[in-house]
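Chemist: Let me begin by handing over the structure; questions about it come next.
The values are calculated or read from the model by the stated rules, or taken from the named source; none is laboratory data. Everything quoted here is computed from the prediction, not taken from an experiment. As a convention, Cβ positions derive from the backbone with ideal geometry for all residues, glycine included, and neighbour counts pool all protein chains shown.
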Amino acid sequence: MKDPLLLENQICFKIYTAEREITKLYRSLLEEIGVTYPQYLALLVLWEEKMISVKELGRKLFLDSGTLTPMLKRMEAHGLVERKRSIEDERSVVITLTDKGEALKEKAECVPSRLLERLDMDVDEVIQLDKTLTTILDRLQG
């Protein structure tokens with residue numbers, strides 16, 4: 001039986017290391033469009049939703065408002081999003097894309113395929129990895 005305390009036998013370390021390496025790949029790809037990885041994740045949600053509360057965005061990205069708010073302020077300063085108080089509930093802040101933020105979608109369309117190229121994975125491997133990671137997340141959050 002393998003030694004359960006060897007670093008090479010730690011699944012958490014492999015996930016952590018893979019995440020760091022993938023984030024590095026994203027960083028180089030995203031520099032070309034001028035956004036950080038967390039900003040890219042927020043844009044992915046906004047390209048889908050168009051308008052979302054800060055609270056809901058934080059829930060989707062698993063980020064607290066202390067992390068999210070400064071990032072959204074920087075995105076607003078760069079003209080990518082607008083932050084406004086909700087008309088229905090003044091305690092809630094709603095985020096919407098600007099035209100500039102929407103225009104980044106076209107530039108970002110190549111990011112997923114370029115990442116997969118760099119990972120040198122075929123479609124079946126990606127599908128299996130996605131299923132495995134989804135299962136892990138479901139079980140951890142369930």
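Chemist: Could you list, in sequence order, all residues of region 65-116 that are touching a Phe, Trp or Tyr at 6+ places or on another chain (Cβ under 9 Å) and within 24 Å of Thr23 (Cβ to Cβ)?
Modeler: Restricting attention to region 65-116, the residues satisfying the condition of being touching a Phe, Trp or Tyr at 6+ places or on another chain (Cβ under 9 Å) are 97, 101-102, 104-105, 108, 111, 115.
Selection gives Leu97, Gly101, Leu104, Lys105, Ala108, Val111, Leu115.
Chemist: Here are some residues: Arg91, Arg83, Arg20. Which one is outside any loop (DSSP other than H, G, I, E, B) and either exposed (fewer than 11 other Cβ atoms within 10 Å of the Cβ) or small (Gly, Ala, Ser) (or both)?
Modeler: Checking each option against the conditions leaves just Arg20.
Chemist: Would you check which residues across region 88-109 are without any contact (Cβ under 8 Å) to a residue 12 or more places away in the chain and more than 18 Å from Glu76 (Cβ to Cβ) and list them?
Modeler: Glu88, Asp89, Glu90, Arg91, Glu106, Glu109
Chemist: Okay, moving on. If you take the residues in region 23-50 that are among the small types (Gly, Ala, Ser) and assigned to a helix (DSSP H, G or I), which one is surrounded by the fewest Cβ atoms within 10 Å (Cβ to Cβ)?
Modeler: Per the criteria, the residue is Ser28.
Chemist: If Thr69 satisfies all but one of (1) modelled with pLDDT of 90 or more; (2) within 30 Å of Asp130 (Cβ to Cβ), what's the number of the condition it fails?
Modeler: Only one criterion in (1) modelled with pLDDT of 90 or more; (2) within 30 Å of Asp130 (Cβ to Cβ) is unmet by Thr69, namely (2).
Chemist: Tell me yes or no: at least one residue of region 102-111 is under 15 Å from the mean Cα position of the chain (by Cα) and not in a helix (DSSP H, G or I).
Modeler: yes
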